[in-house]
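As structure tokens, the structure follows; a few thoughts come after it.
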Amino acid sequence: MKVKAIRFHKPGAPAVMKWEDVTLGKPKKGEALVRHTAVGLNYIDTYQRSGLYPLPMPSGIGLEAAGVVEAVGRGVSNVKPGDRVAYAGGPPGAYSQARLMPADKLVKVPRGISDEQAAAMMLKGMTVEYLIRRTFPVKKGMTVLFHAAAGGVGLIAGQWLKALGVTAIGTAGGPAKVRLAKAHGYAHVIDYTRQDFVKQVMRLTKNEGVPVVYDSIGKSTWDGSLDCLQRRGTMVSFGNASGPVPPFPPGVLSAKGSLYLTRPTLMDYTASRADLESCARALFQVVRSGKVKIEINQSYPLKDAVKAHRDLQGRKTTGSTILVP
């Protein structure tokens, strides 16, 4: 079976990605053949494409998609042909019309959630789930700081935090993104292009700081994020949109108040089948309840992945983006 897929043969700028023919065999033991109906675009895709997160070359790209199971290999019992499914996580290769996937990485998409929503929310939504329910379990009445509040993860986080009774302070770049974040659950949104976010967080918390900072920006927000934390606060660094955080002496954490630091990944929080199912179930429930709405603000043909990456890195996108095979 021949399909089209985005592949790249060396790391680099978006232009290294090519629209190529790929031949798929039949699913082997433990595998499922999935025909994609929608593919998710995520910032981690740019890290893998650029070489920041190295992949063996040549490689497919993309970690999230939704579609329909066409066939299964021996020993597969959790899905069957005809099932609507979605996934988020490795191995890379979601930017394709169809692919073979380890069946234990697939979850069934329930009624009331479209394929487009599933592709737009699995990686981002499950990321929010583990961040706010497991990495640092928030509690009603807390005030927290969440960077990139108008991004795909940020818009889901703002709504989910509000539903849990948490006061969320967000950061965003420019008036339009500030308005968008405020419309998605954030009690306060700081425009980092005009305001010093550390001073604003301290003003909003009466100089107490916050117990946790969720930071996917990396290099440019690192020092400020640490300065926003209360004594024994937790720094959750889960991305590098502005570049990786440079090496630093651990003594910095003690000097700023015996801080905790963690660098989590979705893959580790969904490594077991039980954790994956629990994480996806919590996400599906909060979306079906209406407390979290998944809004797809951009859609590109899959073959135009180069333009999609340029727009994502140029901060021209908001919320979730999908690629359509």
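Computed from the coordinates by the stated procedures, all read-outs in this text should not be read as laboratory data. Here the structure is a predicted model, which means the values were calculated and not measured. Cβ atoms come from the backbone with ideal geometry, glycine included; neighbour counts cover every protein chain shown.
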- Query: In a shell of Cβ-Cβ distance under 14 Å around Ala308, excluding Ala308 itself, what net charge do Lys and Arg (+1) and Asp and Glu (-1) give?
  - Reply: +2
- Task: Any of Lys80/Lys303; Lys10/Lys303; Lys124/Lys199; Lys10/Lys307 with alpha carbons more than 21 Å apart? Name them for me.
- Result: Lys80/Lys303; Lys124/Lys199
- Scattering profile of the stretch 140-263 at q = 0.19 Å⁻¹ [log10 I(q)/I(0), Debye over alpha-carbon scatterers]: -1.00
- Compute the label zone of Ala187 within the stretch 138-169: residues whose backbone N is under 11 Å from the point 7 Å along Cα-to-Cβ. 140-145, 162, 165-169
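Using the beta-carbon distance between Ser258 and Arg281 and R0 = 30 Å, what value does 1/(1 + (r/R0)^6) give for FRET efficiency, to the nearest 0.05?
Details: r = 36 Å, r/R0 = 1.18.
Here the calculated transfer efficiency is 0.25.
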- Task: Rounding to the nearest 20 debye, state how big the charge dipole of the stretch 1-60 is about its Cα centre with +1 on each Lys and Arg Cβ and -1 on each Asp and Glu Cβ.
- Result: 220 debye
- Message: As I understand it, the value is the acute angle between the Cα axis of helix 273-288 and the longest principal axis of the Cα atoms of the chain; what does it come to in degrees, rounded to 10?
- Response: 70 degrees
- Item | Mean projection area, nm², convex hull over Cα of the chain | 15.8 nm²
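Indicate, rounded to the nearest 5 percent, the antiparallel portion of the DSSP beta bridges found entirely in the chain. Intermediate results must be reported in sequence, preceding the final value.
Details: 30 of 54 bridges.
Rounded to the nearest five, the antiparallel share is 55 percent.
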- Query: Dividing the Cα radius of gyration by the Kirkwood radius, what Rg/Rh value follows for the stretch 32-95?
  - Reply: 1.04
- Task: Treating the angle as unsigned and between 0 and 90°, give the value, to the nearest 10°, between the Cα long axis of helix 152-163 and the longest Cα principal axis of the chain.
- Result: 60 degrees
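Highest mean first, what order results for 250-261, 275-286, 126-137 on Cβ atoms within 10 Å?
In decreasing order of mean packing, 250-261, 275-286, 126-137 become 126-137, 275-286, 250-261.
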- Message: At 0.36 nm per residue, and after removing the present C-alpha to C-alpha distance, how many nm does the segment from Ala176 to Val324 gain when stretched out fully?
- Response: 50.6 nm
- Can you give me the three principal axis dimensions of the stretch 225-325 from its C-alpha atoms, in Å, biggest first? 50, 34, 26
- Would you calculate a helix-derived [θ] at 222 nm for the chain, using -39,500 (n - 2.57) for each DSSP H run of n ≥ 4 and dividing by the full residue count, to the nearest 500? -8000 deg cm²/dmol
- Against the longest alpha carbon principal axis of the chain, how many degrees, from 0 to 90 and to the nearest 10, is the axis of helix 115-130 turned? 40 degrees
- Task: Determine, from the Cβ-Cβ distance of Leu24 and Ser114 and an R0 of 30 Å, the FRET efficiency 1/(1 + (r/R0)^6), rounded to the nearest 0.05.
- Result: 0.75
- Note on the structure: Each label sits 7 Å from Cα toward the beta-carbon; between Asp104 and Lys206 the label points are separated, in nm, by 5.1 nm
- Message: Could you work out how much longer the chain between Lys291 and Lys139 gets when fully extended? Use 0.36 nm per residue separation minus the Cα distance between them, nm to one decimal.
- Response: 53.0 nm
- Separation in nanometres of the label points that stand 7 Å from Cα toward Cβ, at Asn78 and Lys4: 3.2 nm
